[in-house]
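This is the structure I have questions about; it appears just below.
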């Protein structure tokens, strides 16, 4: 009996253990097979233009960029910077410096639910975030995108992201034609709105063809627009133009110029405000003293430190000049101009740009024997020290074009008059190594054309003589990285020189005396200089295949970007 009870107890315990094991195993199996509850994936956000009309399909660059914006910077109720210009595929990263702010897309004080902090959800509520918050958004469609802080929009806490359409990465492609053929205009990039402007110029080489208008190219819509303003006079050719600010308001300032078919020039200064589409002429007391003779055009020009510098000039059909003049838009009437040290040689139509506060000249036009010629004149000018210095000369004689500051280097864009010029070669000067290289050439050789850059990703050029007839076609360079891959060119070592106090008496080169109406004392006396003999070189011609299809605007004259032969140019200034 006892043994039977023992077996019964053991059997009962074993049965209970088995039941418990099976129950636990079944429960565990159910847990592993029961699907977890997951939130539905968030639908991708479709970004559209504020006008509902994205103009072109964007092509992201091969290397995208992230632009940083501080939320609550400045006075605590600002986006800093409040306007950014990016390309398709780029990202904006907002970082909160102070609390209780939002990034809410839409026109000022109206949420449109396109994108918003902190996670692109519930945009209409305007979620406020605290200091240290980071929000990023990648823009995939060209357009202009406004945004604001939901809590402080009424205090002016607004921002804009301008997204330009894509173009062929690291290459040149055709853009839309200008509305008209155009030569001797100045190209200006206006950072405040991200657009490229042409100032003045002319449509033919005959009297009465002066173009008293402003053309605007919008990278976001890939279109040209003629602005409504009429510029102050018909002396629109070969001006010096650049962006300067007064009281925090940027404008495009233009100096000098002449009318088609004339041998006189103006000294007047005017500024154009792209926001208001208005032009204002300064008083006669602020005229450029470098044209006191009434026959001198500006030479090279560049802007740095909110000042414009004009280097040299062209005394029409007489000689090049060698004065350097500094213009300060914030100075009192009659005191805006200051004469600086002379250039080492007389220069005119000189490719010039400013890099880190130093101005560089790479090539220049000169006037010899009644002819306009190209040279390899190259030097630097330090506005702070008021000195010039020698740099390696540009390997190719050129002139009648611009020098652009692009990713910390100087880009000399084609140009030149004497065969085999004009050229489509891009010569690149590296101030850190004092060496020249060649970049990717643009498609059509040209001179006297409007061109400029945003400094890092885009170069625009249009019109000009191709090679001697006015044209209207446009080309756009898009950098996938920092810049096109250059080809090294051997250059000499720089030997800086100082030229503060010239003492020679003028004997050959015509240089005007500063006008007595300017209330400054010139620091130097204009010095006559020997004009160097131009160095003929062979232009290396390369081909670039356009990869983007542009929307054309009807025009007259030469519109197609088809390369043209290069006949011997006429001896016209």
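Just so it is clear, none of the values below were taken in a lab; they were calculated from the coordinates. Note that this is a predicted model, so its numbers are computed, not measured. When we count neighbours, we look across all protein chains shown, and the Cβ atoms used for this are built from the backbone with ideal geometry, even at glycine.
Given the Cα-Cα distance of residue 67 and residue 124 and 0.36 nm per residue of separation, how much length would full extension add, in nm?
18.0 nm
Let me ask something else. Extension gain residue 275-residue 246, at 0.36 nm per residue separation less the Cα-Cα distance, in nm?
Numbers: separation 29, 0.36 × 29 = 10.44 nm, distance 1.44 nm.
Net length gain for the segment: 9.0 nm.
Any idea what the alpha-carbon Rg over 2.2 N^0.38 Å comes to for segment 90-226?
Against the empirical 2.2 N^0.38 Å value, I get 1.40 for segment 90-226.
If you count the DSSP beta bridges with both ends in segment 66-164, what percent of them are antiparallel, to the nearest 5?
Working: 18 of 29 bridges.
Around 60 percent antiparallel, to the nearest 5.
Can you give me the relative contact order of segment 66-164 as a percent, contacts being Cα pairs under 8 Å and 6 or more apart?
This gives 33 percent for segment 66-164.
Related question: What is the mean projected area of the alpha carbon convex hull for segment 66-164, to one decimal in square nanometres? Before the final figure, lay out the partial values.
On the way: hull surface 20.3 nm².
Projected area, direction-averaged: 5.1 nm².
For 328, 210, what's the fewest-to-most ordering of other Cβ within 10 Å of each Cβ?
Details: 328 16, 210 24.
Going from sparsest to densest Cβ surroundings: 328, 210.
What shape does segment 296-375 have by the C-alpha gyration tensor, where a ≥ b ≥ c are the square roots of the eigenvalues, rounded means a/c under 1.5, and otherwise prolate means a/b greater than b/c and oblate the rest?
oblate
Take each of the peptides 221-233, 285-297, average the number of other beta-carbon atoms within 10 Å over its residues, and list them starting from the highest.
285-297, 221-233
Based only on other Cβ atoms within 10 Å, what is the fewest-to-most ordering of 123, 109, 241? Could the numbers behind the result be given before it?
On the way: 123 22, 109 13, 241 27.
Fewest-to-most ranking of 123, 109, 241: 109, 123, 241.
Given a Förster distance of 35 Å, report the FRET efficiency between residue 83 and residue 469 from their Cβ-Cβ distance, rounded to the nearest 0.05.
Calculated value: 0.35.
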